[in-house]
Amino acid sequence: MNDHQVGFTLIELMISLVLGLIVSAAVIQVYLINVKTSSIQASGSELQDASVFGLQQLEKSIRLANLGNPTTRIDGTTPNGGIVLTGLNIGVPNAPTPYPNIGYLTRRAGDTAVGTNGWTGISNTNTNSDQLTIQYTNITGAPMIDCEGATAAVNDIVIERYFVRLATSNTSTTAIKDLVLACDAGRANKTGDIATFTPSSDSKNFGQAGQEFIVNVDQFKVLLGSQYTTGTNAGQLIYLPSSAYLAITTDKPVITSVKIGLIVHGSTPIIGSAEQSEFALLGQSPTDNKLKTDASNKKKVRSTYETTTLLRNARVVNVSTTL
């Protein structure tokens, strides 16, 4: 009796395995593309929700700068000046005792930081972050809400500083930290001609860690829009970092606007995506040393945001020296 067996030959088995692998590879590729697309959409939505909304709120706050100040010309010596650059702006004279916590004032990357909860310049890029400190007086006739959500009574002098710090929930052990743009709001009411601050035990004390304002921030840059009102440069508008502005000793321009730049990222890593690590911010030319994020960071969607806010409470009049 002959046994007749039916089955696959070795060649048929190998062909079927190859075809199966091809089909599996195609399915996996489609899956990865779908996951990547979904991650990008989720991360992009996070950027829109957190960053764009936060920027709108930041612009709204900056527009209040110098509110209630009868002097509309803002510089580093203007009492109650809307952009706080020196102790003179908040009513603290240089003599006999200068304001000690300069780390709470508008600062540029590389400046000295002073103060327990002061600005440190922390960032997730190769260049430190800046700090912006503004000031206004509530003359609206009704209570206002500062950037930390506290009530500012009528005639309160409010100081708000915006700076980058570690997130409260930061648990990162790598070079890349979880950073946020925080807002620290306080009061600087006057006793005679000298500013007095709320005690450190008060939630409205100026010089605390502040409230998280925009999450997932890698970099925060500030330029002061400065307009010349006299001399041969009368009418010219230039944008300067705070230290460069303070370094001007003659024919000092007045501050009329603030330009803000942010680098932010989404929380969702992007599978199979190349890391974007180099950025230009606030008009940097291609030959400049661009801002770079650390290469050890996880693959996340990043975006830059820039906005220019005109200080509606700072008006200047050009005075020509030519007859």
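The values are calculated or read from the model by the stated rules, or taken from the named source; none is laboratory data. If you're wondering where the values come from, they're calculated on a predicted model, not measured in any experiment. Neighbour counts run over all protein chains shown; Cβ positions are idealised from the backbone, glycine included.
Among the listed residues Ile122, Ile134, which satisfies the condition of being at pLDDT 90 or above, under 18 Å from the mean Cα position of the chain (by Cα) and surrounded by fewer than 18 Cβ atoms within 10 Å (Cβ to Cβ)? Even if it seems obvious, please write down each step before you answer.
On the way: Ile134 fails: surrounded by fewer than 18 Cβ atoms within 10 Å (Cβ to Cβ).
Exactly one of Ile122, Ile134 is at pLDDT 90 or above, under 18 Å from the mean Cα position of the chain (by Cα) and surrounded by fewer than 18 Cβ atoms within 10 Å (Cβ to Cβ), namely Ile122.
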Checklist entry - Taking the range 114-146, which residues are closer than 10 Å to Phe163 by Cβ and not polar (S, T, N, Q)? => result Gly118, Trp119, Gly121, Ile122, Asp130, Leu132
Checklist entry - Tally time: how many residues in the range 188-216 are without any contact (Cβ under 8 Å) to a residue 60 or more places away in the chain and under 24 Å from Arg165 (Cβ atoms)? => result 10
Next on the checklist: Here's a check for you: in the range 20-61, which residue that is modelled with pLDDT under 75 and of a type in the set (Asp, Glu) is nearest to Ala142 (Cα to Cα)?
Outcome noted: Asp49
Checklist outcome for this item: Going through the range 92-108 in order, the residues found to be surrounded by fewer than 21 Cβ atoms within 10 Å (Cβ to Cβ) and in contact with a strand residue (DSSP E or B) (Cβ under 8 Å, 6 or more places away or on another chain) are Val92, Pro93
Checklist entry - Are there any pairs, at least 6 apart or on different chains, whose C-beta atoms fall under 7 Å, with the first in the range 249-264 and under 19 Å from Thr232 (Cα atoms) and the second among the hydroxyl-bearing types (Ser, Thr, Tyr), and if so, which? => result Asp251/Tyr228; Asp251/Thr230; Pro253/Ser226; Pro253/Tyr228; Val254/Ser226; Val254/Thr229; Ile255/Ser226
Item to check | Unmet requirement for Ser169, which otherwise passes all of (1) in contact with a Leu (Cβ under 6 Å, 6 or more places away or on another chain); (2) over 30 Å from Leu237 (Cβ atoms) | outcome: (1)
Checklist entry - Is it the case that the range 62-81 has a residue that's closer than 28 Å to Ile263 by Cβ, modelled with pLDDT of 85 or more and in a helix (DSSP H, G or I)? => result yes
Item to check | Residue count for the range 51-100, restricted to those that are in contact (Cβ under 8 Å) with a residue 24 or more places away in the chain and of a type in the set (Ser, Thr, Tyr) | outcome: 4
Checklist outcome for this item: Exception for Leu17 within (1) farther than 28 Å from Leu262 by Cα; (2) at pLDDT below 85 falls at (2)
